[in-house]
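K.L.:
Mind looking over this structure? Questions follow.
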């Protein structure tokens, strides 16, 4: 009988990533039940309470099937960063392991997921409050697009990753370049890609036209589920459009409609376009990550076959788990 492979001394971490609307939720629930996992949301927007429809959170019934973490932990006006995410999730991973379960990150925010999987450090030169004030004044005078254009000139790679309406992250990228003389994208490229965990990263992808069709259907379903009412309630309770949370996909477009800047039809068309572009950026980010086992999904393909293929990837990586999956 062949000798059983030695178990790594590093804690195991399972990750399922992919673009929006690719089908992560259904697969993640089945995987979590099979491998005794607890799910950690890897989505930068699902941390906010009251932002349910636009962020496509797992439903209450789904959360009863499998424990979920990093959902509904903040108010929409609470500050939150990738460094905060990294700190909270690493503590969760330790806690989940201590209870004999497998931690399982599921999501589509590439930088957030990478920050946990690898030994990222977030001390890119400190801060310069005077510079931030100048950049905020510039944005107030000339608009978010003009501010984003400054970033395009100095750090096009970061500009491609950061949305033009995301003032806080745009200013932070400009600030890092201003203080250190090195673009933020180069700082990220220099990060140590050594993991404190024994990771198994699975990426979901599909034909682009099919993915775009799924995105459009999802947005139509969000509208039917009450996205307009959700955004209206947030605005009515004082959560302004300048908040990072309110600049998320679905919220900024519907807020513009509610403020009379466009028709509802125009807002939905813009949301669909921006979401397609976002999915493309997600895939570009994931494609440069190493060690991802890619799974191609097809519309109407057999769910049990998909799950079986993913099961083989996980048991191949975490060999000791075979005894729990026999």
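Values quoted throughout were computed directly from the atomic coordinates according to the rules given, and no laboratory measurement underlies them. All values derive from a computational prediction rather than experimental measurement. All Cβ positions, even for glycine, are placed from backbone atoms using ideal geometry, and neighbour counts span all protein chains on display.
K.L.:
With springs only between Cα atoms under 10 Å, which of 278, 131, 286 fluctuates most in a Gaussian network model of the chain?
P.N.:
131
K.L.:
Something else: Which of the peptides 133-139, 104-110, 258-264, 115-121 is most tightly packed, and how do the rest follow, judged by the mean count of other Cβ atoms within 10 Å per residue?
P.N.:
Working: 133-139: 14.9, 104-110: 24.7, 258-264: 12.0, 115-121: 19.0.
Ranked from most to least packed, the peptides come out as 104-110, 115-121, 133-139, 258-264.
K.L.:
Give me the percent of Cα-Cα pairs in the range 129-189 that sit more than 15 Å apart, rounded to a whole number. Kindly include the intermediate steps, with their values, before the conclusion.
P.N.:
On the way: 725 of 1830 pairs.
The answer is 40 percent, as a whole percent.
K.L.:
Diagonalise the Cα gyration tensor of the chain and give the resulting equivalent ellipsoid semi-axes, square root of 5 times each eigenvalue, largest first, whole Å. Write down the numbers at each step before the final one.
P.N.:
Details: eigenvalues 231, 124, 63 Å².
Taking √(5λ) for each Cα gyration eigenvalue gives 34, 25, 18 Å.
K.L.:
Which whole number in µm²/s is D for the range 45-164 by Stokes-Einstein, with the Kirkwood Rh taken over Cα pairs at 25 °C and 0.890 mPa s?
P.N.:
Details: Rh = 17.2 Å.
Roughly 143 µm²/s, to the nearest whole number.
K.L.:
Just to be sure I understand: with springs between alpha-carbon atoms less than 10 Å apart, which residue in 203, 300, 309 has the highest mean-square fluctuation in the Gaussian network model of the chain?
P.N.:
300
K.L.:
With angles folded into 0 to 90 degrees, how steeply does helix 303-317 sit against the dominant principal axis of the chain? Use alpha carbons for both and round to 10.
P.N.:
Compared with the principal axis, the helix lies near 80 degrees.
K.L.:
Expressed in nm to one decimal, what extension gain is obtained for the pair residue 225 and residue 269 from 0.36 nm per residue of sequence separation less their Cα-Cα distance? Mind showing how you got there, number by number?
P.N.:
On the way: separation 44, 0.36 × 44 = 15.84 nm, distance 1.72 nm.
Length gained, residue 225 through residue 269: 14.1 nm.
K.L.:
So, one more: Highest mean first, what order results for 221-231, 161-171, 42-52, 12-22 on Cβ atoms within 10 Å? Before the final figure, lay out each step's value.
P.N.:
Values: 221-231: 16.5, 161-171: 19.8, 42-52: 21.4, 12-22: 24.4.
Order by mean packing, descending: 12-22, 42-52, 161-171, 221-231.
K.L.:
Which value in deg cm²/dmol, rounded to the nearest 500, describes the helix-derived mean residue ellipticity at 222 nm for the chain, given -39,500 (n - 2.57) per DSSP H run of n ≥ 4 and division by the residue count? Show your work: numbers first, answer last.
P.N.:
On the way: 14 runs with 168 residues, N = 326.
Per the formula, -16000 deg cm²/dmol.
K.L.:
Sticking with this structure for a sec: How many times 2.2 N^0.38 Å is the alpha carbon radius of gyration of the range 1-104? It would help to have the intermediate numbers written out before the result.
P.N.:
Values: Rg = 15.3 Å, N = 104, 2.2 N^0.38 = 12.8 Å.
Output field value: 1.19.
K.L.:
For the range 185-326, just run the numbers: alpha carbon Rg, then divide by 2.2 N^0.38 Å, N being how many residues it has. Please list the in-between numbers first.
P.N.:
Details: Rg = 19.9 Å, N = 142, 2.2 N^0.38 = 14.5 Å.
After normalising by residue count via 2.2 N^0.38 Å, the value is 1.38.
K.L.:
State, in angstrom, two size descriptors of the range 143-255 derived from its alpha carbons: Rg to one decimal place and Dmax to the nearest whole number.
P.N.:
Cα-based Rg and Dmax for the range 143-255 come out at 18.2, 48 Å.
K.L.:
Let me ask you something else. Sticking with the crude label model, points 7 Å out along Cα→Cβ, report the distance from residue 218 to residue 25 in nm, one decimal please.
P.N.:
0.9
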